[in-house]
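Trainee: Quick one: the structure is below, questions incoming.
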Amino acid sequence: MFIFIVRRVLQTIPVLIGVSLVVFLIMQMVPGDPAVLLAGESATEEQVNQLRSQLGLDQPLYIQYFDYIKNVIQGDLGTSIRSNRPVLDEILVRLPVTIELAFWSIVVTVVLGLLAGVISATKQRSLTDVSIMVAALIGVSLPNFWLGLMLILYFSVQFQIFPVSGWGTFAHIVLPALTLGTSGAAIVARMTRSSMLEVIRQDYIRTAKAKGVKQRYIVYKHALKNALVPVITVVGLQFGALLGGTVLTESVFAINGLGRMIVDAIRMRDLPLVQGSILVVSALFVLVNLIVDISYKFVDKKVDLN
Amino acid sequence: MKKIAMLMAISFLAILMMTGCTSEPQTGGSSDSEGAEGSGNGSAAGDELIIAVLSDATQLDPHTGTDIPSANVYHGKIYEGLVKQDENMEIQPALATEWEPIDDVTWEFTLREGVKFHDGTPFNAEAVKKNFERILSEEIASPRATLFEMIEEVKVVDDYTVQIKTAYPFAPLLANLAHYAGGIVSPTAAEKYGKELGQHPVGTGKFKFEEWTPGSQITLSTYDEYWGETPSYETVVYKVVPEDATRIAMVETGEAHLAEPVPVTEIERIENSDSMSLNRSQGLGTDYLGFNVQKEPFNNKKVRQAINYAVDTEQIIEGVYNNVGTVADSPMGPGVWGYNENVEGYEYNIEKAKELLKEAGYEDGFKTSIWTNDNQARVDVAEVVQSQLKGIGIEAEINVMEWGAYLEATANGEHDMFILGWSNMTGDADYNQYFLFHSEAQGTPGNRTFYENEKVDELIDAGRQETDPEKRLEIYAEAQKIEVEDAPAIFLRYDENLVAVNNNVEGFWMHPAGIYMIDDITINE
């Protein structure tokens with residue numbers, strides 16, 4: 001297992017180099033000049049050129065790129081063009097917020113999703129099953145930003161239970177986590193249901209039943225555990241996506257997360273900030289995938305990591 | 001199962017730890033800040049003013065400032081200039097108490113005595129001199145240097161007297177000094193932080209910088225040693241809330257006192273609320289639909305005039321802008337010094353439009369495109385114009401672009417017709433006329449219609465140098481007349497500032513340039 005982890009970590013290096021190169025090239029191809037955007041209205045050509053050379057944007061592309069990589073290896077992600085602050089600082093202000101939000105959203109996803117899925121599967125074709133599956137269909141289809149605004153309208157403005165926006169206390173987390181977790185929960189519920197149904201028909205479940213094992217024990221110990229592998233995959237992917245930031249939800253609840261920062265940075269052609277944050281997000285994504293792969297082993301001993 | 005639980009517990013702990021160590025906000029100034037983070041759902045306290053804004057500031061150095069969200073945090077709050085403008089855009093004393101022209105190119109300023117910067121540095125003539133040297137230095141590369149490039153020398157006469165000498169007579173100097181870029185920064189801080197002053201702002205204003213969580217909020221506190229009166233509350237917090245509906249919900253529930261900007265679609269909601277009201281005031285900006293006059297068929301004046309007749313601006317203001325703002329007749333509105341009320345715009349007259357098109361040789365119309373950035377109101381305007389132009393046989397395609405790409409394309413002259421606005425921070429005609437119409441300002445600086453008229457160039461140059469206000473007014477009146485006649489653009493609308501204000505706030509007003517004036521606010525609990 002140790003060798004497996006080391007090998008996977010080493011594999012991330014070419015991935016990250018690839019990511020940085022692709023981001024760099026795309027940002028070069030997109031029209032829009034950071035110096036012009038920074039100089040603002042009424043700047044003269046001369047001032048724009050001066051800014052451009054200060055930012056090093058007048059250097060040939062390959063020099064800009066290699067300078068960048070050289071600095072990254074030394075742990076320096078550069079300075080944001082727009083705010084003049086170190087890119088790492090900008091990311092570190094937002095990363096914990098994003099991770100916390102992603103974590104609680106996943107909690108909503110897993111708890112709601114698994115519960116609904118298991119109930120649905122054990123009561124297949126009942127009214128409960130149908131209602132849960134209809135609810136799941138609606139959950140998947142609701143646009144995030146709309147759900148967020150509706151939650152604010154009812155729980156913040158009308159009943160004043162939770163704050164409208166902001167971050168810091170648990171009350172701030174509830175609505176955004178519900179907003180983000182809902183669609184995931186719906187997917188997980190459907191996933192759990194179908195893979196549970198498959199497992200429930202297996203011989204060993206019948207054997208367990210025949211032995212007289214309690215229904216609840218059969219469901220959670222024998223069936224659910226074996227039905228979890230595809231669910232873990234989905235949860236892992238969801239978590240990875242959430243770490244990349246969730247622009248719309250962050251905007252609705254005024255949460256200072258990575259997603260909004262990256263979108264703003266792209267808008268201002270803040271190359272160092274875009275590069276740096278995408279590198280960090282990619283690294284996190286790879287890390288989450290690694291954790292997902294390892295967790296297969298815990299769930300299903302038959303999985304061979306090597 | 002146990003192992004999974006264990007794994008989850010470990011990742012949970014790891015997350016908690018990461019959150020714990022890195023979420024410290026960036027702190028500057030004194031450390032006993034009263035940040036409002038996590039202040040929960042309770043109504044805002046009477047000693048803290050909370051403003052919900054669309055965008056975070058980029059940096060707080062006035063000399064390199066280019067955007068209003070940043071200026072709103074520092075202009076008149078952290079920093080003051082030598083002079084300032086009141087609600088009528090009249091020049092009033094700030095750090096200078098008196099001023100007079102000594103000759104055509106020299107102004108003498110008497111400075112306020114006993115003023116100290118937030119870091120204790122005394123304010124004096126030397127500080128003023130260093131500030132202007134900083135703005136004009138290559139090292140700072142200020143995008144605002146254009147406002148002060150005519151300054152040849154700042155001469156220290158004595159501790160509290162300075163003379164500003166310009167290379168040529170420059171009438172709008174006082175207005176430019178009142179611009180946010182004319183904010184006086186502490187020379188000690190400027191030396192210490194250099195280009196990073198934007199993260200460590202130190203001025204002489206009523207408020208001093210406390211802390212900044214980038215992308216989230218900025219906190220300022222009142223400066224006890226301020227030379228004048230200090231506000232009735234202790235701190236002001238700017239909270240970044242990108243979603244319009246959320247921002248307004250915050251004012252509605254009392255989580256914020258002010259919210260800005262307000263989309264025109266939310267006006268009814270605010271006006272019908274029991275807990276908030278709408279503050280409307282005249283702005284200094286003009287929205288326009290420009291033509292690329294270097295390109296066919298817009299190089300023909302008659303075509304431009306025809307389109308002016310064919311577009312019903314009143315309908316646009318009513319339909320798209322929900323009656324916010326007023327119909328524009330000339331490039332600058334009544335709030336701008338130099339506005340000519342005698343200029344007549346184009347009425348809505350399809351027959352005249354058709355006639356002019358025929359004279360220009362485009363009887364059957366032509367195909368063209370309207371460019372805009374991805375701003376909903378502008379896209380709506382483009383659609384209205386598109387349908388109105390159909391009436392005279394012009395087929396216009398709409399090209400919606402992302403902001404950065406749009407700025408670049410229009411600066412390069414790739415466009416046909418385009419929709420933009422021009423704000424006016426100084427409130428002086430020159431800021432409008434020079435950048436929008438002077439041939440030297442073509443492209444990036446502002447003249448994106450690529451308009452060129454020798455007579456207009458001459459008038460704008462003369463307006464800059466004329467010191468007699470009456471004569472200056474005449475010069476700008478003539479220039480505006482020619483510009484409307486030449487029609488490089490359809491002047492659509494003089495804008496209006498909208499702010500949602502919670503009912504427990506008294507004494508708020510909005511400066512025409514879009515700056516929140518919060519000095520006289522009292523918060524009733």
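Trainee: Quick one: work out the % antiparallel among DSSP beta bridges in segment B:283-496, nearest 5.
Mentor: Approximately 55 percent, going by the DSSP bridge assignments.
Trainee: Next question. Under DSSP H, which helices of chain A have Cα atoms covering 15 Å or more of the helix axis and a Kyte-Doolittle average no less than 1.0?
Mentor: A:2-29, A:87-122, A:127-141, A:170-200, A:225-243, A:271-299
Trainee: Counting only other residues whose beta carbon sits under 11 Å from that of B:Tyr348, what net charge do I get with K and R as +1, D and E as -1?
Mentor: Neighbourhood net charge equals -3.
Trainee: OK, next. Using modelled amide H (1.01 Å from N, peptide plane; none on Pro or chain starts), what sits under 5 Å from the amide H of B:Trp371, excluding residues fewer than 5 places away?
Mentor: Those lying under 5 Å, H to H, from B:Trp371 are B:Asn399, B:Asp416, B:Met417, B:Phe418, B:Ile419.
Trainee: Which entries of B:Lys84/B:Lys455; B:Lys295/B:Lys354; B:Lys84/B:Lys165; B:Lys165/B:Lys239; B:Lys195/B:Lys295 show an alpha-carbon separation above 30 angstrom in the structure shown?
Mentor: B:Lys84/B:Lys455; B:Lys165/B:Lys239; B:Lys195/B:Lys295
Trainee: Among rounded, prolate and oblate, which fits the protein assembly as shown when a ≥ b ≥ c are the square roots of the eigenvalues of its C-alpha gyration tensor, a/c under 1.5 means rounded, and a/b larger than b/c means prolate?
Mentor: prolate
Trainee: Continuing with the same structure: Under a GNM of chain A (C-alpha, springs under 10 Å), which listed residue has the highest mean-square fluctuation: A:Val134, A:Val110, A:Val280?
Mentor: A:Val134
Trainee: Read phi for every residue in segment B:270-279 and hand back ³J(HN,Hα) as whole Hz from Karplus 6.51 cos²θ - 1.76 cosθ + 1.60, θ = phi - 60°, with x for Gly and Pro.
Mentor: 6, 5, 8, 7, 8, 9, 8, 9, 9, 9
Trainee: Find, among the chymotrypsin sites (Phe, Trp or Tyr not before Pro) in segment B:402-433, those assigned to loop by DSSP (not H, G, I, E, B) with at most 16 other beta-carbon atoms within 10 angstrom.
Mentor: In loop regions of segment B:402-433 (DSSP not H, G, I, E or B), there are no sparsely surrounded chymotrypsin sites (Phe, Trp or Tyr not before Pro).
Trainee: What list of ³J(HN,Hα) values in whole Hz, one per residue of segment B:56-67 in order, does the Karplus curve 6.51 cos²θ - 1.76 cosθ + 1.60 (θ = phi - 60°) give from phi, with Gly and Pro shown as x?
Mentor: Residue by residue, segment B:56-67 yields 6, 5, 8, 6, 10, 9, x, 5, 10, x, 10, 10 Hz.
Trainee: Enumerate the calculated ³J(HN,Hα) couplings along segment B:84-91 in order (Karplus 6.51 cos²θ - 1.76 cosθ + 1.60, θ = phi - 60°), each rounded to whole Hz, writing x wherever the residue is Gly or Pro.
Mentor: Result, ordered by residue: 9, 10, 8, 5, 9, 6, 7, 6 Hz.
Trainee: Going by the alpha-carbon gyration tensor, a ≥ b ≥ c the square roots of its eigenvalues, is chain B rounded (a/c under 1.5) or, if a/c is not under 1.5, prolate (a/b greater than b/c) versus oblate?
Mentor: oblate
Trainee: Only loop residues by DSSP count here, and only those with at most 16 other Cβ atoms within 10 Å; note down the trypsin sites (Lys or Arg not before Pro) in segment A:51-152 that meet that.
Mentor: Sites meeting the loop and neighbour criteria: A:Lys123, A:Arg125.
Trainee: Rounded if a/c is under 1.5, else prolate if a/b beats b/c, else oblate: with a ≥ b ≥ c from the C-alpha gyration tensor eigenvalues square-rooted, which is chain A?
Mentor: Cα axes put chain A in the oblate bin.
Trainee: Compute the signed sum of charges (Lys and Arg +1, Asp and Glu -1) over the other residues within less than 9 Å, Cβ to Cβ, of B:Ala94.
Mentor: +1
Trainee: A further question on this structure: Roughly how many debye, to the nearest 20, is the charge dipole of the protein assembly as shown about its Cα centre, given +1 on each Lys and Arg Cβ, -1 on each Asp and Glu Cβ, and no other charges?
Mentor: I would put it at about 7320 debye.
Trainee: How high is the relative contact order of segment A:88-299, in percent, with contacts defined as C-alpha pairs under 8 Å that are six or more residues apart?
Mentor: Relative contact order for segment A:88-299 comes out at 28 percent.
Trainee: Sequence gap of 8 or more, or different chains, plus Cα separation below 24 Å: how many lysine pairs satisfy both in segment A:88-299?
Mentor: Taking the Cα cut-off of 24 Å, the pair count is 12.
Trainee: Toward the positive end of the charge dipole of segment A:42-85, about the Cα centre and with charges on Cβ (Lys, Arg +1; Asp, Glu -1), which of A:Gln64, A:Thr79, A:Ala43 goes farthest?
Mentor: A:Thr79
Trainee: With point charges of +1 on the Cβ of Lys and Arg and -1 on the Cβ of Asp and Glu, referenced to the Cα centre of chain B, which listed residue (B:Ile398, B:Tyr79, B:Gly319) lies farthest in the positive direction of the dipole?
Mentor: Selected residue: B:Ile398.
Trainee: Using a Gaussian network model of chain A whose springs link C-alpha atoms within less than 10 Å, name the residue from A:Ile106, A:Ile161, A:Ile69 with the highest mean-square fluctuation.
Mentor: Result: A:Ile161 has the largest fluctuation of those listed.
Read the figures in this text as sums done on the coordinates, not as results from a lab. Remember, it's a predicted structure, so these values are computed and weren't measured experimentally. Using ideal geometry, Cβ is built from the backbone for each residue, glycine included, and neighbour counts are taken over all protein chains shown.
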